[in-house]
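Structure, as C-alpha cells:
Each value in this text was obtained by applying a stated rule to the coordinates, not by laboratory testing. As the structure is a prediction and not an experimental result, all values here were calculated from the model. Cβ: placed from backbone, ideal geometry, glycine included. Neighbour counts: every protein chain shown.
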C-alpha cells in the first residue's frame, strides 16, 4: 500500500471503524437513572467504566501508532484524536451528569475520571511520540522526517527537564484561557470544539516556550498534551468545590442569564479534554513551528 493511499486509509479507519467502536464501548454502560452513554466513571458500575476507558485508549493508541510510524508523531496523535472524538461526542455532558445523579458523587467520580485519562493519555502520547519520527512539516519543511523516533523512556523523561515546567505552564495557561472563553455552552459538539481550540493553543504555546531551549531540536508534544489534561482535572476540581451542592442548578443555568453558572472549564468532560489534546496539540505545534525561524544549531559559528 502506497503512503498516499495509507494516509487516506488511516483517517477513514479512525473515523468510520475505530471511532464508532470506541463509542460503542460506552453503550454497554448504564449511567445515572439508567441514562445511556455515560462517561466511563459516572457509570453505575465504575469498574466496567474503567475497562471501557482502557478499551477506548487502546483503540486510539493502535490507530495513532500505526499512523505515526508512517507519517510522524503529529499525524499519529491526530489520528488517535479522531478515534477519541467519537466517544467524547457520544457520551453525556455535565448537564446530565450533575442533574441525573448525586452531584457530589458525580463530581468526585469525574475528578477520578479526569485523573485516569491524564495517566492513560500520558502513556498513550508517550508511546506514539516515542516510537514515531518527527515529520518535516512540523518544522515548516518538505521532505522526509527531520528526526528519528526518540524512544518512549526519553519522551517520558523529558517531562522532568528543568525548562519543561515553563512549557507545561505556558500550555496549561493557553488551554485554560481559550477553553474559558469558548466554552459558553455544554452542548457536546461545542464542548468538543472548545477542547480542540484549547489543544491548538496549548500546542502553540508549548512550542513557543521551549523551541529556543533545544538548539533547533523539535519540542516535545507530550508536554502540551499533559498540560491540557491537567487543566481538565483542574476544571472538575474547581466545579466540585466552588459549586458544591449547587452543581445541578449551576449546570442547568449554563447558557442562560443566571448570575451563577457552571464554571467554563467544567463544561468540558474529561473525554473532551482528551480528544482535544490529541487533535489540537499537533496542529498548534505545527503552526507555531511554521511561524518561527529555525534556531541555528549550537555548533554553528560565523565564518
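Overview of values
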| item | result |
| --- | --- |
| Residue 8-residue 253 pseudo-label distance in nm [points 7 Å out on the Cα-to-Cβ vector] | 5.2 nm |
| Residues 272, 245, 10, 102, sorted so that the one with the fewest Cβ neighbours within 10 Å comes first | 245, 102, 10, 272 |
| Computed [θ] at 222 nm, helices only, for the chain once each DSSP H run of length n ≥ 4 contributes -39500 (n - 2.57) | -21500 deg cm²/dmol |
| Spatial separation of Cα centroids for the stretch 265-284 and the stretch 58-82, in angstrom | 16 Å |
| Footprinting exposure proxy for 188, 267, 157 (fewest neighbouring C-beta atoms within 10 Å first) | 157, 188, 267 |
| Efficiency of FRET between residue 245 and residue 287 - r from beta-carbon atoms, R0 30 angstrom, step 0.05 | 0.10 |
| Within a Gaussian network of the chain (alpha carbon springs, distance under 10 Å), most fluctuating of 112, 72, 235 | 112 |
| Within a Gaussian network of the chain (alpha carbon springs, distance under 10 Å), most fluctuating of 151, 19, 121 | 151 |
| Efficiency of FRET between residue 187 and residue 123 - r from beta-carbon atoms, R0 35 angstrom, step 0.05 | 0.70 |
| Residue order, fewest to most surrounding Cβ atoms within 10 angstrom, among 99, 42, 155, 25 | 99, 25, 155, 42 |
| Long-range Cα-Cα pairs in the chain (distance over 27 Å), rounded percent | 39 percent |
| Residue among 246, 80, 202 with the largest mean-square fluctuation in a Gaussian network model of the chain, springs linking Cα atoms under 10 Å | 246 |
| Span per principal axis, largest first, for the Cα atoms of the stretch 53-180 (Å) | 53, 32, 26 |
